[in-house]
Amino acid sequence: MKKEIAAIYCRLSVEDAEKRAAESESIRNQRALLLGYAKKQGWAVYDIYADEDYSGLREDRPAFQRLLADAEERKFSIILCKTQSRFTRNAGTAEKYLHALFPLWGIRFVTVVDGVDTASHANKKARQINSLVNEWYSEELSENIRAVFRRKMEAGQFLGNYAPYGYRKDPCCRHHLIPDAETAPVVEKIYDLYLSGLSCKMIGERLTAQGIPTPSEMKRARGEDLGRRSSAAWSKGTIRKILQNPVYLGHMVQGKEEKISFKEKKTRELPRNQWIVVEHTHEAIIKEEIFGDVKKRMAERRLARTRISKEENT
């Protein structure tokens, strides 16, 4: 009798970090459990697919996508997981594959812990309930995390991955900002140049000509933000953002956007009245009067440009 061929899928998400310490949900633990189960069933193992630090709500997991591609090509007849939630926490994704595409591809889906087996029509309702419970869990977890983040922001703690240009994270407390000896003077210089009469474009050109690294170049030089392209030229947009950022007054402004859904990575901008602003959370680089003078000068220039534009169109 020909042996059935199974593919093993394991997943460890960011939210499993605490469990990982106890090895209860580790990739190694899942692999050992599933290999033992496959051996007892007399199944040959085609391959082991594993995604680490990926949410079960996402479909763009590398190993998950490779598993599905191989399943569609009928390279095995069984997909084996520890639990249904390891495969996905999205009810729509579960329905799409477990009850639509897998039967079409001749794939049997089996889990060891919660007893899911698509070869059995009797537990279809249980699978669908599992899908809903898994999704509800993810939604509740997302809401809890969002609430924790909001409390930290309201307490004036910095939650960004990278400190704003001109600052660095305090070695004693990563949620506190301190002036960066290398870049804080550049921020002061930008404010001084603007008040001396230079435009944002002219300031950018001068800094570029002087070989002063841009914020993105500084990140790359320090081993941060390596996934993005860095620019050697200062843009007027970058200069304008620095001139308008109240972080240089020692104030923390966060919560400017929110995720559209706990299932999505996409975000939307929030109106200013919903931003979380906490004053005097860290040492200022720019004095209040200088920041105010810059704000006033920007408004005057904006008004002048509007007036010139109207005159040209009349």
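The values are calculated or read from the model by the stated rules, or taken from the named source; none is laboratory data. Here the structure is a predicted model, which means the values were calculated and not measured. Cβ sites come from the backbone with ideal geometry, for glycine too, and all protein chains shown count toward neighbours.
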Open item on the list: Can you name every one of the helices (runs of 4 or more DSSP H) wholly within region 172-234 that holds 2 or more residues which are assigned by TED's automatic domain parsing to the domain that holds residue 290, modelled with pLDDT of 95 or more and closer than 16 Å to residue 245 by Cβ?
Closed with: 184-195, 200-209
Open item on the list: The conditions are (1) outside any loop (DSSP other than H, G, I, E, B); (2) touching a Lys or Arg at 6+ places or on another chain (Cβ under 7 Å), and residue 57 fails exactly one of them. Which is it?
Closed with: (1)
TODO: State whether one or more residues within region 112-122 are closer than 28 Å to residue 2 by Cα, in a helix (DSSP H, G or I) and at pLDDT below 90.
DONE: yes
Open item on the list: Suppose we keep only residues that are part of a helix (DSSP H, G or I) and either modelled with pLDDT under 90 or not charged (D, E, K, R) (or both) within region 75-95. Which one would you say is surrounded by the most Cβ atoms within 10 Å (Cβ to Cβ)?
Closed with: 87
Task: Positions within region 62-118 being under 23 Å from the mean Cα position of the chain (by Cα) and free of Cβ contacts under 8 Å to residues at least 40 places away in the same chain, in sequence order - done: 62, 65, 66, 92, 93
- [ ] Output yes when any residue across region 302-310 is surrounded by 13 or more Cβ atoms within 10 Å (Cβ to Cβ) and either at pLDDT below 90 or among the hydrophobic types (A, V, I, L, M, F, W, C) (or both), and no when none is.
- [x] no
Task: Neighbours by Cβ (under 6 Å, 6+ apart or cross-chain): first from region 238-256, polar (S, T, N, Q); second modelled with pLDDT under 95 and part of a helix (DSSP H, G or I) - done: 254/153
Open item on the list: On the basis of being closer than 17 Å to residue 248 by Cβ, in contact (Cβ under 8 Å) with a residue 40 or more places away in the chain, touching a helix residue (DSSP H, G or I) at 6+ places or on another chain (Cβ under 8 Å) and surrounded by 15 or more Cβ atoms within 10 Å (Cβ to Cβ), does residue 190 make the cut?
Closed with: yes
Open item on the list: I'd like the residue in region 236-269 that is more than 25 Å from residue 281 (Cα to Cα) and surrounded by 15 or more Cβ atoms within 10 Å (Cβ to Cβ) and, out of all such residues, is modelled with the highest pLDDT.
Closed with: 263
